[in-house]
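Below: one structure, written as structure tokens.
The values are calculated or read from the model by the stated rules, or taken from the named source; none is laboratory data. What you see is a predicted model, and the numbers here were worked out from it, not measured in a lab. Virtual Cβ from ideal backbone geometry, glycine too; neighbours counted across all protein chains shown.
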Amino acid sequence: MDPLNLIKILPKAELHLHIEGSFEPELMFEIAQRNKVSTRFKSVEEVREAYNFHNLQSFLDIYYEGANVLIHERDFYDLTMAYLKKCQEDNVVHTEIFFDPQTHTSRGISFETVFKGIQGALLDAKKEWGMSSHLIMCFLRHLSEEDAFKTLKESLPYKEHIIAVGLDSSELGHPPTKFERVFKAARDEGFLTVAHAGEEGPVSYIKEALDLLKVSRIDHGVRSLEDDELVERLAKEKMPLTVCPLSNIKLCVFKKLADHNLKKLLDRGVLVTINSDDPAYFGGYMNENFSQTAIALNLSQAEIKLLAINSFTASFLPGATKESWVEKINQLSL
Ligand code: ADE
Ligand code: ZN
């Protein structure tokens, strides 16, 4: 089967998606207008032209700016529903969504407003087309440990609906050690943990995320290939990496997709998954990430199928549900 058709028909789970990063300029303009918030951009085209990044920080500056127009529960609902519809188009049947409460609470928007808006859309997608989802609350690592503790406390009334905590934002200079205590407190409250590590940051950050934050997955982790022993450990422990190929190109982690190390990681037995990270900013949702990567790295049908299987294996779905999706994939006549 042609790889692009195969990608379309495979059910997939997305495990690395920042809801604020799915904010398309058209919706941003619509919400800015209805909230009477002015932006420095005059048109959708002008916004898109500004999406030229040279590293993670140059992206983050504009990403936080875009999020400023989100004020009401309905705004968070619309943002989330727009992403979930993209999932439906791409045959993403399960998603584990990151949200950054501090981006909003620091502007005076309540945790409750953010949570209820996102959760409302997740419940409607479940009801309307049976899509499943989990929420992962990220701490912004450029902010203090104290601020993270405050956010953890604010999340406790909703903890039944948040499966894990994560760590995102500016990686360099903000190692996992900075958040060791707040991650311990989160685990004691019953949260699973994940962390961005080894996107721009060194291999030592990946090791700290594993050993100090006790993560269940590493987000990105592409720099792990610099350390043979670490690669062996990741493979042996079946530690998933949530890799985001188009993001890595847009943020200049690799020069071009053909240079991406995803296939090398797969060849070394690492549990790699494909994800879109911030699709509105990086030029593509799930199938676009799969398709462009499959073409650039000349992935085989078996490798494409394995990536779809890995997306369920690495998810936080119950064991029986994971198995049933894997079985469905194995039964597809390709
Ligand atoms: N926040 C949104 N996208 C991110 C990324 N790729 N790395 C770190 N923080 C982020
Ligand atoms: Zn990310």
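Among the candidates Asp78, Asp61, which residue alone is of a type in the set (D, E, K, R), under 20 Å from Glu171 (Cβ atoms) and either surrounded by fewer than 21 Cβ atoms within 10 Å (Cβ to Cβ) or within 16 Å of ligand 2 (Cβ to nearest atom) (or both)? Going through Asp78, Asp61 in turn, just one is of a type in the set (D, E, K, R), under 20 Å from Glu171 (Cβ atoms) and either surrounded by fewer than 21 Cβ atoms within 10 Å (Cβ to Cβ) or within 16 Å of ligand 2 (Cβ to nearest atom) (or both): Asp61. State yes or no: is Leu56 of a type in the set (A, V, I, L, M, F, W, C), surrounded by 15 or more Cβ atoms within 10 Å (Cβ to Cβ) and more than 16 Å from ligand 1 (Cβ to nearest atom)? Spelling it out, it is not the case that Leu56 is of a type in the set (A, V, I, L, M, F, W, C), surrounded by 15 or more Cβ atoms within 10 Å (Cβ to Cβ) and more than 16 Å from ligand 1 (Cβ to nearest atom). When Ile31 is tested against (1) within 16 Å of ligand 2 (Cβ to nearest atom); (2) closer than 20 Å to Ala82 by Cα; (3) touching an Asp or Glu at 6+ places or on another chain (Cβ under 6 Å), exactly one condition is not met: (1). Pro240 falls short on exactly one of the conditions (1) within 16 Å of ligand 1 (Cβ to nearest atom); (2) within 15 Å of Asn275 (Cβ to Cβ), and that condition is (1). Within region 267-293, the set of residues being surrounded by fewer than 21 Cβ atoms within 10 Å (Cβ to Cβ), over 21 Å from His94 (Cβ atoms) and either in contact (Cβ under 8 Å) with a residue 12 or more places away in the chain or of a type in the set (Gly, Ala, Ser) (or both) comprises Arg268, Gly269, Gly283, Gln292.
Residue-by-condition table, conditions (1) in contact with a Phe, Trp or Tyr (Cβ under 6 Å, 6 or more places away or on another chain); (2) farther than 28 Å from Val222 by Cβ:
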site	(1), (2)
Ile7	yes, no
His16	no, no
Ser22	yes, no
Ile31	no, yes
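The C-beta contact set for region 163-181 (first residue more than 10 Å from Leu143 (Cα to Cα), second residue charged (D, E, K, R) and within 16 Å of ligand 2 (Cβ to nearest atom), distance under 6 angstrom, 6+ apart or interchain) comprises Leu167/Arg141; Glu171/Glu199; Glu171/Glu200; Leu172/Glu200. The residues on offer are Ser22, Ser43, and the sole one that is without any contact (Cβ under 8 Å) to a residue 60 or more places away in the chain and of a type in the set (Ser, Thr, Tyr) is Ser43. Checking each residue in region 1-19 for being without any contact (Cβ under 8 Å) to a residue 60 or more places away in the chain and either in contact with an Asp or Glu (Cβ under 9 Å, 6 or more places away or on another chain) or more than 13 Å from Asn91 (Cα to Cα) (or both) picks out only Asp2.
So for region 114-131 (the condition being charged (D, E, K, R), assigned to a helix (DSSP H, G or I) and within 16 Å of ligand 2 (Cβ to nearest atom)), does at least one residue qualify? Lay out the reasoning, then the answer.
We begin by selecting, within region 114-131, every residue charged (D, E, K, R); these are 116, 124, 126-128.
Going one step further and asking which of them are assigned to a helix (DSSP H, G or I), we end up with 116, 124, 126-128.
Retained after the next criterion (residues that are within 16 Å of ligand 2 (Cβ to nearest atom)): none.
No.
Among the residues of region 174-215, which ones are within 16 Å of ligand 2 (Cβ to nearest atom), closer than 28 Å to Pro157 by Cβ and either in contact with a His (Cβ under 9 Å, 6 or more places away or on another chain) or not in a helix (DSSP H, G or I) (or both)? His174, Thr193, Val194, Ala195, His196, Ala209, Leu213, Val215, listed by residue number. If you go through region 121-141 and keep only what is surrounded by fewer than 16 Cβ atoms within 10 Å (Cβ to Cβ), within 23 Å of Ile71 (Cα to Cα) and in contact (Cβ under 8 Å) with a residue 12 or more places away in the chain, you end up with just Asp124. A search for C-beta distances below 6 Å between a residue of region 226-244 that is closer than 21 Å to Met286 by Cα and any residue that is charged (D, E, K, R) and within 16 Å of ligand 2 (Cβ to nearest atom), counting only pairs 6+ apart in sequence or on different chains, returns Pro240/Arg217; Thr242/Arg217; Thr242/Asp219; Cys244/Asp277. Considering only region 81-110, state which residues are of a type in the set (A, V, I, L, M, F, W, C), buried (at least 21 other Cβ atoms within 10 Å of the Cβ) and in a helix (DSSP H, G or I). Residues satisfying the conditions are Leu84, Cys87. In a residue-by-residue description of region 253-275, the property of being under 15 Å from Phe59 (Cα atoms), out of contact with any Lys or Arg (no Cβ under 9 Å at 6 or more places or on another chain) and at pLDDT 95 or above applies to no position.
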